[in-house]
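The values are calculated or read from the model by the stated rules, or taken from the named source; none is laboratory data. Everything numeric here is computed off the predicted structure, so don't read it as measured data. Here Cβ is always computed from backbone atoms with ideal geometry, including for glycine, and neighbour counts include all displayed protein chains.
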Amino acid sequence: MASRRHVIADDLRTQISTGRIKAGERLPSEAQLAARYAVSTPTLRNALAVLQGEGLVEKVHGRGFVRHPIRRITYVGGGRTTDAQTAANAALRMTVRTTHLPARGDLTALLRVSASSPLTEFLCISYAEKAPHSLARIYVPRDLAPADGPGESALRKGVWARLSELHPPLAEVKERISARFPTPREAATLRISSALPVLAVIRVATDTTGRVVEAARLLLPGDRADALFTHHTTSGDRRTEG
């Protein structure tokens, strides 16, 4: 039997999907909704938390609003190196902040370098209109950073073009995807609920000598992103039963 919070969430979800409650419309107060559904305020808040986790409603200065439809993007695994490409294909605007920093903490293990090795970090935040959509932190050894300065075009054209032309060439791109809740800092940056699951992608590209030439940490809120991986089979992959 469904709990009261899920019954309430289902009813509100139906009203939103059918347009009875429109995008941008302010929801009744928690007290009004609790009285309408004959439940306690904590139960009502739990129901709203379900809808917040789905990205259907949001709280702005303590007031609940129905969210406008959020553009969904597809993260394509297997070699797409910059979040800028994903953002460009989804017609999202992106800001890029470039920082030169020494390798420290877990970056030394991620990029397989010694402490204080020179790195370049690209902090990329994509936007749908004025709202943050997703973020990425991309790290490359300093000598592989684009020479034409920060910016979306430099990131999109510079990093991947340079990695594609490496001698020795790229040999492997590993991606690890996990679902988790955002940290308070991540939730604040993306302006999302801390109860909304995110797809966290860690991608590491290495060349044929085993050198890590790029490491990226991508964060994609679960209400606006899917992940797609395609495996192309060959005749050698097929088994013949006799």
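Checking G78, G53, G19 one by one, the residue that is at pLDDT below 75 and farther than 30 Å from D207 by Cβ is G53 and no other.
Return the residues of segment 177-229 that are touching a Lys or Arg at 6+ places or on another chain (Cβ under 8 Å), basic (K, R) and in a strand (DSSP E or B); say none if nothing qualifies. R203, R217, listed by residue number. In segment 1-24, the residues that are farther than 15 Å from F65 by Cα form Cβ pairs under 7 Å with partners that are aromatic (F, W, Y), at six or more places apart or across chains, as follows: I8/Y37.
Here is a yes/no grid of residues against (1) modelled with pLDDT under 90; (2) not aromatic (F, W, Y):
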position	(1), (2)
P168	yes, yes
F181	no, no
S193	yes, yes
T209	no, yes
A225	yes, yes
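Being farther than 24 Å from P182 by Cβ and loosely packed, with under 12 Cβ neighbours inside 10 Å is a condition met by at least one residue of segment 34-44.
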